[in-house]
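**Student:** Here it is, the structure in full.
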Amino acid sequence: MWKPFKRAAAAPAPVQSGVFDFHELLAGEPPTLNLVDVGAMSLGPHTDAFDRLLGCGAVRIVGFEPVQAECDKLNALHGSQRLYLPYAIGDGRRRTFHECNLPMTSSLYEPNNDLLDKFQSIGRFSHVIATSEMETRRLDDIPEVADADYLKLDVQGAELDVINGAANVLRQAVLVHTEAELVPMYRDQPLFGDVDCALRRNGFLLHQILAIASRTFKPLVNDNNPDAPGSQALWCEAVYIRDFMTLDDLPPEKLLKLALMLHVIYRSTDTCAFVLQAYQRKTGDRLFERYLQRLTGKS
């Protein structure tokens with residue numbers, strides 16, 4: 001266990017509560033953010049991981065949803081604001097796609113119903129109703145995502161397949177938001193540890209685990225609610241950022257984009273400030289100092 005450091009003679013200024021507009025601190029125009037949404041099926045309004053970015057600057061979104069009907073819905077919903085393509089993203093191999101009774105549980109991996117049926121609520125949503133053979137496409141082979149800044153993965157167990165086909169895209173990206181399973185909810189799928197190792201090999205470090213989901217083992221039900229959490233962790237949402245020890249290797253524009261996303265989406269103000277120090281060292285723009293002043297309320 002880490003022991004606390006001795007308190008310094010002068011304590012740092014406390015962070016002010018509340019959220020402020022990052023863009024008002026910029027000396028010039030805000031950068032255009034390039035977002036890649038792999039597994040883009042809509043779960044309703046205001047449910048995208050990057051929702052807080054929308055409406056606060058230029059954002060370009062390219063998404064992928066292999067279920068054609070769901071892809072059509074997304075394009076109809078968003079029109080020319082976003083581009084959605086009906087591709088199964090993976091490592092480029094030919095695979096079997098398992099379409100389930102609840103479309104959001106469909107996957108390149110077969111649901112592990114022996115495991116799922118031991119828990120309340122989830123097994124009944126993962127019954128395969130059709131299978132089809134399809135070629136998966138590597139992100140590295142799709143020109144529309146060549147300069148990605150942000151990569152969101154929600155592909156029901158196939159996250160590692162996407163990562164293995166995205167080495168070049170990951171060299172450009174500075175933030176990855178991914179779902180990952182903690183137990184094999186799909187047969188033979190890679191788990192969180194595999195995804196974590198792969199992202200670290202690509203220069204990322206775990207920043208936050210936003211949520212860990214669970215259900216109760218049958219026959220128990222918590223609070224008379226089959227969707228209530230239990231004690232066994234099943235899956236999680238995790239955020240990875242570029243290794244903060246190598247930030248000086250990134251170009252200034254990527255540092256600015258990373259800082260913006262950390263502030264707006266994740267409210268990671270201390271990490272945002274740390275990134276802005278690297279940006280200030282590279283550019284001479286005193287954005288870090290302006291951010292710190294606004295953050296602490298001290299001039």
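The values are calculated or read from the model by the stated rules, or taken from the named source; none is laboratory data. The structure displayed is predicted, hence computed values, not measured ones. Note that we place each Cβ from the backbone using ideal geometry, even for glycine, and neighbour counts take in every protein chain shown. The accessibility values were calculated without ligands, DNA or RNA, using every heavy atom of the protein model including side chains. Shrake-Rupley method; radii C 1.70, N 1.55, O 1.52, S 1.80 Å.
**Student:** For Asn202, indicate whether it is farther than 10 Å from Tyr240 by Cβ and open to solvent by 30 Å² or more (accessible area, probe 1.4 Å).
**Tutor:** Answer is no for this residue.
**Student:** Just for region 130-154: of the residues that are surrounded by fewer than 23 Cβ atoms within 10 Å (Cβ to Cβ) and among the β-branched types (Val, Ile, Thr), which one is farthest from the chain's Cα centre (by Cα)?
**Tutor:** Across region 130-154, the extreme among qualifying residues is Thr131.
**Student:** May I pose another question? Can you tell me which residue within region 218-247, out of those that are of a type in the set (D, E, K, R) and at pLDDT 95 or above, is most open to solvent (accessible area, probe 1.4 Å)?
**Tutor:** Selected residue: Lys218.
**Student:** Conditions: (1) out of contact with any Ser or Thr (no Cβ under 7 Å at 6 or more places or on another chain); (2) assigned to a loop (DSSP other than H, G, I, E, B); (3) open to solvent by 20 Å² or more (accessible area, probe 1.4 Å). Asp91 meets all but one. Number of the miss?
**Tutor:** Evaluating Asp91 over (1) out of contact with any Ser or Thr (no Cβ under 7 Å at 6 or more places or on another chain); (2) assigned to a loop (DSSP other than H, G, I, E, B); (3) open to solvent by 20 Å² or more (accessible area, probe 1.4 Å) leaves (1) as the failure.
**Student:** Here is a follow-up. Would you confirm, using the coordinates I've provided, whether Gly284 is at pLDDT 95 or above, over 27 Å from Gln156 (Cβ atoms) and open to solvent by 10 Å² or more (accessible area, probe 1.4 Å)?
**Tutor:** In short, yes.
**Student:** Of all residues in region 101-138, which are in contact with a strand residue (DSSP E or B) (Cβ under 9 Å, 6 or more places away or on another chain), of a type in the set (D, E, K, R) and farther than 30 Å from Asn168 by Cα?
**Tutor:** Answer for region 101-138, where residues must be in contact with a strand residue (DSSP E or B) (Cβ under 9 Å, 6 or more places away or on another chain), of a type in the set (D, E, K, R) and farther than 30 Å from Asn168 by Cα: just Lys118.
**Student:** Hey, another quick one. Might you check whether a residue that is surrounded by 15 or more Cβ atoms within 10 Å (Cβ to Cβ), of a type in the set (Val, Ile, Thr), within 24 Å of Asp149 (Cα to Cα) and free of Cβ contacts under 8 Å to residues at least 40 places away in the same chain occurs anywhere in region 47-66?
**Tutor:** There is at least one residue in region 47-66 that is surrounded by 15 or more Cβ atoms within 10 Å (Cβ to Cβ), of a type in the set (Val, Ile, Thr), within 24 Å of Asp149 (Cα to Cα) and free of Cβ contacts under 8 Å to residues at least 40 places away in the same chain.
**Student:** Scan region 174-186 for residues that are of a type in the set (A, V, I, L, M, F, W, C), in contact (Cβ under 8 Å) with a residue 60 or more places away in the chain and crowded, with 22+ Cβ neighbours inside 10 Å and jot them down.
**Tutor:** Val174, Leu175, Val176, Met185
**Student:** Determine which single condition Leu83 fails, assuming it passes every other condition in (1) in a helix (DSSP H, G or I); (2) in contact with a Gly (Cβ under 8 Å, 6 or more places away or on another chain); (3) of a type in the set (A, V, I, L, M, F, W, C).
**Tutor:** The one condition Leu83 does not meet is (1).
**Student:** All but one of (1) modelled with pLDDT under 80; (2) more than 14 Å from the chain's Cα centre (by Cα); (3) over 30 Å from Asp285 (Cβ atoms) hold for Cys56; which doesn't?
**Tutor:** Going through the list (1) modelled with pLDDT under 80; (2) more than 14 Å from the chain's Cα centre (by Cα); (3) over 30 Å from Asp285 (Cβ atoms), Cys56 breaks only (3).
**Student:** Go through region 111-129 and give me each residue that's open to solvent by 30 Å² or more (accessible area, probe 1.4 Å) and part of a strand (DSSP E or B).
**Tutor:** Of everything in region 111-129, those that are open to solvent by 30 Å² or more (accessible area, probe 1.4 Å) and part of a strand (DSSP E or B) turn out to be Val128, Ile129.
**Student:** Just name the residue that is modelled with the lowest pLDDT out of those in region 87-106 that are out of contact with any Gly (no Cβ under 8 Å at 6 or more places or on another chain) and among the β-branched types (Val, Ile, Thr).
**Tutor:** Filtering first and then ranking leaves Thr105.
**Student:** So, in region 30-52, how many residues would count as being modelled with pLDDT of 85 or more and in a loop (DSSP other than H, G, I, E, B)?
**Tutor:** Of the residues in that region, 6 qualify.
**Student:** Yes or no: Lys218 farther than 23 Å from Phe50 by Cβ and touching a strand residue (DSSP E or B) at 6+ places or on another chain (Cβ under 8 Å)?
**Tutor:** yes
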